[in-house]
Amino acid sequence: MTGPQIARRALLGTALAAPFVRPSFAQGGDPYVIGTLFPMSGPNGEYGKLFTDGAALAIEHARADGTLRRPMRIQAEDTQALPQQGVIGMTKLVNVDKAHYVLVGFTAVSKAVAPVGDRAKTVMVNGGAVGPDLSGLSPYFWNVIPLAHLETQAFLPFLIRRNLKRIALVYVDDPLGDAILGLLRTELPKAGGELAGTFSIPRTAQQFGPIAARVRQTRPDAVYVASFGAQQAQIIKGLRDNGITQPLVGYSALSIDSVRTLPEAEGVIFTSQKFDYTGGSEITRRFATDFKARHGGEPGAYNANYYNAVRLFALLAREIERENGTVNGDSLRATLLRVREFDLVGGKGRFDDLGNISSEIQVNEIRGGRVVPIA
Amino acid sequence: MLFLQLLLQGIQTGALYALTAAGFALIFGATRIFHFAHGTSFTLAGYAFLFCWNAGIPWWAGALAGIVAATLFGLAMERFVYRPIQRHEGSFFTVFVAAFGVAVVVQNLIGMFAGRGFAAVDTSLSRATEVLPDVFLAPIFWIAIAVAVVLFAALSAFLTRTHAGVALRALAQNPDLLRAYGLSSNRLSMLAFALGSAMAAPAAVLTAMTTGLNEAIGHHVMLISIAATIVGGVGSLRGAALAGLMLGVAESVALQFVDTQWAEAVSFLVLFAFIIFRPSGIFGVAQTR
Amino acid sequence: MIAYAANLATLVAIFCILAATLNFIIGFAGIFSVAHAVFFGLGAYAGAQVALLLVPDALLACIVAAIVAGGLSLCLALPALRVRGEYFVAASLGLQMMATTLFAEAKAFTGGIGGLVAIPRPTLFGIEVGVLPLALVALALILFLTARLQHGAFGRSLQSIRDAESAAEALGKNVAAAKTLAVAFACAGAGIGGALFALHLSFVNVESFTMDQSVLIMAMVIIGGTGTLWGPVIGAIILLALPSGLAFLPFIPATEVGAVQQIIYGLAMTLLMVFRPAGLVGDLSKGRATA
C-alpha cells in the first residue's frame with residue numbers, strides 16, 4: 001500500500017513542478033477513492049440519492065478549488081440498508097477499491113461495517129443515521145451529524161415554550177427510537193412536560209388508523225414521530241387522516257422529499273442541524289446556490305451532511321499533503337484530532353475525541369411544501 | 001369507544017383485504033395455481049390509478065385504468081408464465097418461484113420508473129371527521145364498504161347465474177373436473193385470472209387514497225390474501241372474503257388488548273392457529289393429510 | 001482482493017449450508033418451507049450469545065446453535081405433520097412473519113432491531129481461526145451426511161413419503177417420525193450456518209432473518225435444482241455472485257445498480273422455472289416429479 005503511493009507521489013511532484021498549467025489540471029494521478037455504502041435500491045433508496053448528491057457536489061467544489069493534488073472519485077456500493085450487503089460492500093471497498101474514506105448511512109449498516117473498517121483502519125463517516133449507539137464504534141468511525149439525543153435535548157425547551165407539554169411518542173423500537181424514548185422519559189418531566197403515551201410500531205407497519213385511535217386517547221398536545229424513510233410519510237398521513245389534529249413533531253429524518261411534499265405534512269415541526277443558506281457563511285451560501293442550480297431545489301440536511309463529510313476529507317487530506325504524509329486512516333484520524341474545528345456548511349463543526357460532531361440545532365417547520373427554520 | 005373505533009377501522013381495512021383475498025381465492029380455487037404475483041396486480045393497479053390521478057385524468061377513468069392494468073397483468077401471467085410451466089407438469093413450488101421472480105422484477109421496475117418510497121393520492125375522502133364522540137370516520141369508509149358489497153353481489157350473481165360462472169365454481173369445488181373439461185379449461189383459467197386480478201384493482205385504488213402505496217406493497221397484500229384463503233378454507237370464495245374481513249378486524253381490534261407493535265403479528269398468529277387446529281379453514285372441505 | 005474473495009467465499013459457504021439443508025427438507029421430504037431464515041436466525045443469535053457470554057469457541061457456538069435451532073424446529077414440524085402443500089407454505093409464511101416480530105422484540109436474546117454487536121472473533125480450542133475453513137468443513141459434513149442419508153434407509157423412507165405419502169404410511173413407514181427427524185436435521189444445519197454467520201460478521205440483527213432472506217435461500221435451492229446434491233450449492237454460488245459480479249459493471253448508473261440486480265435475479269428465477277423447472281443441475285425427467 002505505502003510503496004506504490006510514494007512512487008506516485010514522486011511522479012506527482014514532477015507533474016506539479018510544471019508551472020501553472022490550468023488549475024483544474026493541477027489535480028493528477030490516481031484519484032482518492034471515496035467509497036459510499038448507501039441504499040440505492042429498496043424502500044430506502046430515496047436516501048441513497050440524497051446522500052450521493054451532497055457528496056458529489058463537494059467533490060466538484062474541491063476540484064474547482066484545487067484543494068487537493070489528486071482528484072477524488074466516488075465508488076458506490078448499494079447496501080439496500082441491509083447489514084449483510086453492507087459488509088460485502090465494505091470489504092470490496094477496502095480490499096478491491098482501496099477506498100481512502102467511506103461514507104455510510106443507516107444504523108444497522110454502520111454497526112455491521114464498523115469492525116471491517118476498524119480492522120483495515122479505513123475511516124468511515126456517517127452523516128445520516130443519528131442513533132446514539134453510533135458513537136465510539138471504532139476510532140475510525142466518525143459522525144458528521146449530531147446524534148439524536150443532542151437533537152431531542154435541544155428540542156425540549158422549544159416544545160415547552162410552545163406549550164406542547166403532553167407528548168405522545170410513536171416510534172420504531174430500534175436504538176434510535178429507544179434513545180428518544182429514554183430522553184423523553186427522563187428529560188421531558190424535568191423540562192416541565194409529560195410523556196402522555198408511547199406507541200412502538202414495527203418498521204414494516206402500513207396501517208396507522210388504529211394506532212391513531214390509541215394516540216387520540218392519550219389526549220396529547222403534540223405527537224413525536226421517531227421513524228425514518230418512507231414510513232414517516234405514511235405515519236403522518238395515517239395520523240392526520242384519522243383525527244389527530246395536534247402538531248406533529250420529530251427529528252432530522254423528516255427532512256426528505258416524500259415528507260416535505262406530502263400535503264398532510266403541512267405544519268410538521270422537526271429539528272436538524274443549523275443551516276442558514278442565505279445569511280450564513282460563504283461556504284454555506286455557495287453550497288446552497290450551486291446545489292439549487294444543479295438540482296433545482298433547496299438542499300436538505302442530508303445533502304449538507306454528506307457534502308460536509310467529503311469536505312472534511314478534502315480539508316484533512318490537504319493538511320496531510322502539505323506535510324507530504326500518506327493519506328490513510330491513521331493520518332486522517334491524527335489530523336482530525338489535531339485540528340478539531342472545521343469550516344463546514346452550516347458554520348464551524350467541532351469534533352470530540354470519539355469523532356462525533358457537535359453543531360447548533362435549529363427547529364424547522366414544513367410550510368407550503370418548504371422547510372422553513374423557525375427557531 | 002376505543003373498541004368501536006378500532007372495529008370500524010378494522011372493517012374498512014378488512015373490506016379491502018376481503019376483495020383482494022377473494023380475487024386470489026377465485027384464481028386458486030379454479031386453477032389450483034398459487035398466484036404469488038397477485039400482490040403485483042394490486043401494486044400495478046394502484047400505480048396506474050396514481051399516475052392517472054396525477055395527470056389530471058378523471059377518477060373513474062383512472063380506476064378503469066387500474067382495473068385494466070391488473071387484468072392484463074393477470075392474463076399475461078397466466079399465458080406466459082403459468083401455462084408453460086403447467087405444460088411441463090411443473091409443481092406448485094415451481095409456480096411459486098416463477099411468480100415470485102416476476103413480483104421482484106415488477107417491483108423494481110416500478111421503483112425505477114415511478115419513484116421509490118411512499119406515494120399517495122391526495123384527496124379529502126380519506127380525511128376522517130368525528131361522527132360520534134371520539135369516533136372518527138372518513139367518507140372512504142362508506143365507499144370501501146359499498147364497493148365491497150356491490151362487487152361481491154355482482155361476483156356471486158355471475159358465479160351462480162352464468163354458464164361460465166357455474167363452470168368456474170364447479171372447478172373450484174371439484175378440481176378433478178379440470179381434466180374432464182379438457183381444452184376449455186384454458187379459457188376458464190383465463191377467465192379466472194381476469195376476474196380475480198380485476199378484484200384486486202378497487203382495493204388498490206382505495207389503498208392509494210388511504211394508507212398510500214409503495215413499490216413493495218404487493219408483498220403485504222399477498223401475505224394477507226394467502227392467509228385469508230387458507231383461513232377461509234381453500235376453494236371457498238365466501239370463506240376467503242370473510243377471513244379477509246376478519247384478519248383486517250383482528251389486526252385493528254388487537255390494539256385494544258396488546259401493544260401496538262404486535263398488530264401485524266396477530267394476523268399471522270390467527271393463520272398459524274388455523275393451520276394447526278383447523279386446517280380445513282372456516283368453510284373448507286377437510287383437506288388435511 | 002484476497003480478503004474480499006475470502007469474505008465472499010465465507011458468505012457463499014454459509015449460504016451453501018443453508019441451501020443444502022433447505023434442499024434436504026424440500027427435495028427429499030417434500031416440505032416446502034419459507035421459514036428457513038428463522039432457524040438461520042435462531043442459530044445466529046444462539047451462537048452470538050455463546051460467544052458474547054461464555055467463550056468465542058466456534059465449536060461450542062455451533063453445537064449450541066444446532067441444538068437451539070433443531071429443538072425449536074418443532075414449530076415447523078408440527079404444521080408439517082398436519083397439512084401439506086400450499087397449506088404448509090402458508091404455515092411457514094406465518095411462522096416467518098411471527099418470528100421476525102419476535103426477533104425485533106425479544107431484546108434480551110436478540111438485541112432487538114439494534115442487534116448484537118462486537119461479537120468476538122472465533123477461536124477453536126483457544127486458537128483464533130477464520131470462519132471460512134469452519135464453514136467449508138461444516139458444509140462438507142452436511143453434504144456428506146445428505147449423500148449418506150439419501151442412499152440409506154432413512155433417505156428412502158423420506159423419498160417414499162415425498163412421492164406418495166399415504167402409500168408410505170400404508171407400508172408401515174413412520175411418516176411422522178421421519179418428517180420430524182428430517183426437519184430437525186435441516187434446521188440444526190441452518191442453525192450452524194447462523195452461528196458461523198454471526199461469528200463472521202461480528203454483528204447480527206433481525207434484518208438478516210426476514211422473509212426476503214428465506215425466499216433467497218429457497219430460490220437458491222430451486223434455481224440449482226431440488227433433490228440434487230450439488231444443485232443448491234450451484235444455486236447459492238450463482239445468486240450470491242450475481243450482485244457482486246454486477247457491482248463490477250461500470251455502465252449501470254449508480255442509483256439503479258440495486259434495482260438492476262434485483263431485476264436480473266427475478267428474471268432468472270422466472271425464466272428458469274418456465275424453461276428449466278428442474279433447476280440447473282436437476283435431471284429434467286426426475287425433476288418433474290420432484291420439483
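The values are calculated or read from the model by the stated rules, or taken from the named source; none is laboratory data. On a predicted model such as this, the values are computed, not experimentally measured, just so you know. A quick note on method: Cβ atoms are made from the backbone with ideal geometry, for glycine too, and the neighbour counts reach across all protein chains shown.
At-a-glance table
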quantity: Test: A:Thr335 is under 30 Å from A:Ile160 (Cβ atoms), surrounded by 18 or more Cβ atoms within 10 Å (Cβ to Cβ) and touching an Asp or Glu at 6+ places or on another chain (Cβ under 8 Å); calculated: no
quantity: In region A:167-186, the residues that are away from chain C (no Cβ under 14 Å) and among the charged types (D, E, K, R); calculated: A:Arg185
quantity: Flag if C:Ala5 is within 14 Å of chain A (Cβ to nearest Cβ), in a helix (DSSP H, G or I), surrounded by fewer than 24 Cβ atoms within 10 Å (Cβ to Cβ) and hydrophobic (A, V, I, L, M, F, W, C); calculated: yes
quantity: Residue tally, condition within 30 Å of A:Ser255 (Cα to Cα), among the hydrophobic types (A, V, I, L, M, F, W, C) and assigned to a loop (DSSP other than H, G, I, E, B), over region A:287-346; calculated: 1
quantity: Helices (runs of 4 or more DSSP H) wholly inside region C:64-129 that include at least 2 residues being more than 16 Å from the chain's Cα centre (by Cα), away from chain A (no Cβ under 14 Å) and among the aromatic types (Phe, Trp, Tyr); calculated: C:86-105
quantity: Selection status of C:Leu78, within 21 Å of B:Ile226 (Cα to Cα) and out of contact with any Ser or Thr (no Cβ under 8 Å at 6 or more places or on another chain); calculated: yes
quantity: Complete set of residues in region B:94-151 that are within 14 Å of chain C (Cβ to nearest Cβ), part of a helix (DSSP H, G or I), touching a residue at least 24 places away in the same chain (Cβ under 8 Å) and over 30 Å from C:Gly225 (Cβ atoms); calculated: B:Ile110, B:Gly111, B:Ala114
quantity: Residue list for region A:273-301, restricted to those being closer than 15 Å to A:Lys348 by Cα and of a type in the set (S, T, N, Q); calculated: A:Gln273, A:Ser281, A:Thr284
quantity: Test set (1) surrounded by fewer than 20 Cβ atoms within 10 Å (Cβ to Cβ); (2) of a type in the set (Ser, Thr, Tyr); (3) in contact with a Leu (Cβ under 7 Å, 6 or more places away or on another chain) - A:Ser110 fails condition number; calculated: (1)
quantity: Flag if B:Tyr47 is within 12 Å of another protein chain (Cβ to nearest Cβ) and not aliphatic (A, V, I, L, M); calculated: no
quantity: Any strands (runs of 3 or more DSSP E) falling wholly within region A:99-215 and containing at least 2 residues that are in the same structural domain as A:Gly250 (by TED's automatic domain parsing) and within 30 Å of A:Asp53 (Cα to Cα); calculated: A:166-172
quantity: Residues (of a type outside the set (A, V, I, L, M, F, W, C) and not in a helix (DSSP H, G or I)) located in region A:30-53; calculated: A:Asp30, A:Pro31, A:Tyr32, A:Gly35, A:Thr36, A:Pro39, A:Ser41, A:Gly42, A:Pro43, A:Asn44
quantity: Elements of type helices (runs of 4 or more DSSP H) in region B:186-289, at least 2 residues being away from chain C (no Cβ under 12 Å) and out of contact with any Asp or Glu (no Cβ under 7 Å at 6 or more places or on another chain); calculated: B:217-232, B:237-253
quantity: Lone unmet requirement of (1) in contact (Cβ under 8 Å) with a residue 60 or more places away in the chain; (2) away from every other protein chain (no Cβ under 12 Å); (3) assigned to a helix (DSSP H, G or I) for A:Leu239; calculated: (2)
quantity: Counted residues, region A:340-356 - those being more than 16 Å from A:Phe287 (Cβ to Cβ) and either in contact (Cβ under 8 Å) with a residue 24 or more places away in the chain or not assigned by TED's automatic domain parsing to the domain that holds A:Ala288 (or both); calculated: 4
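A quick yes/no check of all residues on (1) buried (at least 24 other Cβ atoms within 10 Å of the Cβ); (2) in contact with a Leu (Cβ under 8 Å, 6 or more places away or on another chain); (3) farther than 30 Å from A:Ala213 by Cβ:
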{"residue": "A:Val225", "(1), (2), (3)": "yes, yes, no"}
{"residue": "A:Pro247", "(1), (2), (3)": "no, yes, no"}
{"residue": "A:Leu254", "(1), (2), (3)": "yes, no, no"}
{"residue": "A:Gly267", "(1), (2), (3)": "no, yes, no"}
{"residue": "A:Thr278", "(1), (2), (3)": "no, no, yes"}
{"residue": "A:Arg286", "(1), (2), (3)": "no, no, yes"}
{"residue": "A:Asp290", "(1), (2), (3)": "no, yes, yes"}
{"residue": "A:Tyr306", "(1), (2), (3)": "yes, yes, yes"}
